[in-house]
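The values are calculated or read from the model by the stated rules, or taken from the named source; none is laboratory data. Please read these numbers as outputs of a predicted model, since none were measured by experiment. Counting neighbours? That spans all protein chains shown, and the Cβs are built from the backbone with ideal geometry, glycine included.
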Amino acid sequence: MLYINRVSRHCFCRILPSTSRFETCYSNTSQTHFLNSSSQLQNFSQNLIFSGKTFCSESADKLNNSSCWNCNAVPKAAPFLFCDSCQSVQPLHLSVDYFQIYGLDKNYEIGDENLERKYKDWQKKLHPDLVHSKSQEREYAAEHSARVIEAYHTLTNPLSRAIYILKLEGIEVNEEETVSEPELLTEIMETREAVEDAADSKALNEILSPVQEKKIQWSKSFANAFRSRKFDESLTCIWRMTYYDRVNKEIMKKL
């Protein structure tokens, strides 16, 4: 059974600390849907009234028409997090999504977009320690800085990015969902046993290599499914990525 929310036009997200998850809150109404089959999921996803692109990008466009709270300057570019005219940090608007923060199109495959450089550029402008004026602006800076960090970690991690981009489409991902595939489960169990029995880093690296290849394989499969808007297949890819990601983390802890 898959759990999906159809969201109203007025919605915002709250980041949950120390995770890549975030909670969707509604200022108006929401409808909860429980889908029992892939066909229901496909039909529902194709008929969403407000997709992630609509409720995020449309709201962001409206915000970009606003002016600076300090000098009333009109923003020259989106997203409007920082005023270039008076160097003031702007209030946080959660309708601006992670892709917009980094100037990216809402695509799973982001390529080599030099996110680290953009991340550092934002931190130079938004870090609260660099704000020496009003306490309210320091609060804006702290909120923006935390969100820029969260966006960076989400977008640079293929699994987190996959979960997030489905979130923007109104699809909640249950990361604890299990896959009923004996072959996959047996493979994961045997890999974990091999990790436990590994004598040294050389043995661990030999186990790590195929695990990372499987993560890349399912990341590519997710990209293809998402591009075709086959959200049921996208969810299956995420669950498989999750299995290999957990094993990857277990190996890295021992290295």
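Structure notes:
- Some residue of the range 86-100 being surrounded by fewer than 18 Cβ atoms within 10 Å (Cβ to Cβ) and of a type in the set (Gly, Ala, Ser): no
- Entry remark, the range 207-230: residues being assigned to a helix (DSSP H, G or I), of a type in the set (D, E, K, R) and surrounded by 12 or more Cβ atoms within 10 Å (Cβ to Cβ) number 4 in total.
- Cβ-Cβ under 7 Å pairs, at least 6 apart or on other chains, the range 127-151 side within 24 Å of residue 115 (Cα to Cα), far side of a type in the set (Ser, Thr, Tyr): 127/145; 128/145; 148/119; 151/98; 151/102
- Restricting attention to the range 130-185, the residues that are over 24 Å from the mean Cα position of the chain (by Cα) and closer than 19 Å to residue 86 by Cβ add up to 9.
- Residue selected from the range 200-213 under the condition without any contact (Cβ under 8 Å) to a residue 24 or more places away in the chain and farther than 11 Å from residue 254 by Cβ, by the criterion nearest to the chain's Cα centre (by Cα): 213
Here's the yes/no breakdown for (1) under 18 Å from residue 96 (Cα atoms); (2) charged (D, E, K, R):
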| residue | (1), (2) |
| --- | --- |
| 138 | no, yes |
| 142 | yes, no |
| 145 | yes, no |
| 178 | no, no |
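So that you can scan it fast, the table gives a plain yes or no per residue for (1) outside any helix (DSSP H, G or I); (2) of a type in the set (Phe, Trp, Tyr); (3) surrounded by fewer than 14 Cβ atoms within 10 Å (Cβ to Cβ):
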position: 123; (1), (2), (3): no, no, no
position: 155; (1), (2), (3): no, no, no
position: 178; (1), (2), (3): yes, no, yes
position: 183; (1), (2), (3): no, no, yes
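- Condition check for residue 162: assigned to a helix (DSSP H, G or I), among the small types (Gly, Ala, Ser) and either in contact with a Lys or Arg (Cβ under 8 Å, 6 or more places away or on another chain) or under 17 Å from residue 241 (Cα atoms) (or both): yes
- Within the range 131-149, not a single residue is under 27 Å from residue 227 (Cα atoms) and among the acidic types (Asp, Glu).
- Any chance residue 234 is in contact (Cβ under 8 Å) with a residue 60 or more places away in the chain, surrounded by 15 or more Cβ atoms within 10 Å (Cβ to Cβ) and of a type in the set (Ser, Thr, Tyr): yes
- Only listed residue being assigned by TED's automatic domain parsing to the domain that holds residue 91 and modelled with pLDDT of 95 or more, chosen from 203, 225, 141, 162: 162
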